Amino acid sequence: MHVIHTSAFGGGPNMLAILCAHLSGDFAMEVVTDGHGDMPARVEAAGTVVHRMPLTTKWSFASHIPRLAGLVRRRKPDLVHLHGQFAGSFGQIALALAGGPRNVYFVQWPSYLDDGGGWSRFRNRTAEKVSCDGATSVVCVSENDRREFIARGLCAPEKLRVIHNAFSRDTQASRPPFAGGVPTIGFVGRLVDQKGCEYLVRAVPAVLEAHPDTRFLIVGDGLERPRLEAMARELGVSSAVEFAGYQPEPAPLIERMDVVVVPSIYDPFPLVTLEAMILSRPVVGAAVGGIPEQVEDGRTGILVPPRDAGSIASALIRLISQPRAAAAMGGAGRDSAKARFSPEVISGQFAALYRELLATAS
């Protein structure tokens, strides 16, 4: 039984859908979620049972703990997979009320990334401790997160393991990078402070000075969009920057890009990096969180310090100036993604974990 607070767009629902699609022949799977987005219909079409429950916010999840506990008691799952911090913390309470079945806590966004003042630090630490203490096994999406959980004393090291996120599907790009004439630099993601798009926009003038015909495509939406659009105008580069808005299927737009920039200020393991790699696009990524585990500096892309527009500009100028080297990076990125982050590879790692936990339970 998978439990996730929301099935709307994001890395969590995407990974859950991948697991249901690839493992339903080996395990009888059920999903408990709020029913938002297209994920529930997709997994139902593949034969997975979906239980819809209003778990979207921490308040609604907390108020439905008894209902979730009742569902677990009735369905008697052999193993419960808790996706994310709401399911990890509130879900553990529900599982305890239901008799404490074996469970996996999948850390997709560590609570400490939202630390603010003293109260939020206490709340977030408590949530992670509840999630980890009640789990049979804890899965981090990056080695960086695993080390951080140990350093912060959040989880017993022997419970922790790393299983990365996967890209959605193996899509072959219709053209290699820089084969379309005008160089196009892209960003895909939520336009929020954490994603660091500001530093790409600030890099635009320097790139245009070296390569005046370059164009920039920003795919996504969010609270930062008006500020970013105003910044482009103030820098005098708005004619070179296109804001495309949110796209439910960004792959066709990624194909228009020659380089994908992932300038996050912090990020556990961004999916856009993998989607760019499978489309043979070199990545300029900030060296934070799990990004260095995705991008091999100098081989599949270029790593830069976070919050550093100058380094982003230098990396882009280098790639635009060396299109053959950039295309080679893109090809190496595709090979790396297929070998390490394919749905088959990642779902196989989860299947091995499930079997290990089920075997020790018998």
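The values are calculated or read from the model by the stated rules, or taken from the named source; none is laboratory data. All figures in this text were calculated on a predicted structure; none of them were measured in a lab. Note that each Cβ is placed from the backbone with ideal geometry, even for glycine, and that neighbours are counted across all protein chains shown.
Is it the case, given these coordinates, that Val260 is touching a helix residue (DSSP H, G or I) at 6+ places or on another chain (Cβ under 8 Å) and either assigned by TED's automatic domain parsing to the domain that holds Arg307 or under 28 Å from Asp38 (Cβ atoms) (or both)? Yes; evaluated as a whole, the condition is true for this residue. For the range 237-255, the criterion of a residue being crowded, with 24+ Cβ neighbours inside 10 Å, in a strand (DSSP E or B) and within 21 Å of the chain's Cα centre (by Cα) is satisfied by no position.
Entry remark, the range 101-124: residues being at pLDDT 95 or above and more than 23 Å from Gly11 (Cβ to Cβ) number 2 in total. Quickly run through the range 313-362 and pick out the residues that are more than 30 Å from Arg215 (Cβ to Cβ) and either hydroxyl-bearing (Ser, Thr, Tyr) or touching a Gly at 6+ places or on another chain (Cβ under 9 Å) (or both). Across the range 313-362, the qualifying residues are Ser342, Ser347, Tyr354, Thr360, Ser362. When the test is whether a residue is touching a residue at least 60 places away in the same chain (Cβ under 8 Å), surrounded by fewer than 22 Cβ atoms within 10 Å (Cβ to Cβ) and assigned to a loop (DSSP other than H, G, I, E, B), Ala166 does not pass it. Looking across the range 147-163 at every residue that is assigned to a loop (DSSP other than H, G, I, E, B) and touching a Cys at 6+ places or on another chain (Cβ under 9 Å), the one that is nearest to Leu16 (Cα to Cα) is identified as Ile163. Which of the residues spanning the range 187-219 are of a type outside the set (Val, Ile, Thr), assigned to a loop (DSSP other than H, G, I, E, B), touching a residue at least 24 places away in the same chain (Cβ under 8 Å) and under 13 Å from Ser239 (Cβ atoms)? Scanning the range 187-219 gives a single hit, Asp213. Kindly indicate whether any position in the range 258-267 is under 22 Å from Ile320 (Cβ atoms) and without any contact (Cβ under 8 Å) to a residue 24 or more places away in the chain. No, every residue in the range 258-267 fails to be under 22 Å from Ile320 (Cβ atoms) and without any contact (Cβ under 8 Å) to a residue 24 or more places away in the chain. Would you confirm, using the coordinates I've provided, whether Ala315 is free of Cβ contacts under 8 Å to residues at least 60 places away in the same chain, of a type in the set (Gly, Ala, Ser) and over 27 Å from Leu113 (Cβ atoms)? For Ala315, the condition - free of Cβ contacts under 8 Å to residues at least 60 places away in the same chain, of a type in the set (Gly, Ala, Ser) and over 27 Å from Leu113 (Cβ atoms) - is not met. Checked against (1) farther than 23 Å from Ile265 by Cα; (2) at pLDDT 95 or above, Ser174 passes all but condition (2).
Filtering the range 263-295 to residues that are assigned to a helix (DSSP H, G or I) and either surrounded by fewer than 24 Cβ atoms within 10 Å (Cβ to Cβ) or out of contact with any strand residue (DSSP E or B) (no Cβ under 9 Å at 6 or more places or on another chain) (or both) leaves Leu271, Leu274, Glu275, Ile278, Pro292, Glu293. Selection within the range 50-68: residues that are touching a helix residue (DSSP H, G or I) at 6+ places or on another chain (Cβ under 8 Å) and of a type in the set (A, V, I, L, M, F, W, C). The member of this set that is surrounded by the fewest Cβ atoms within 10 Å (Cβ to Cβ) is Ala62.
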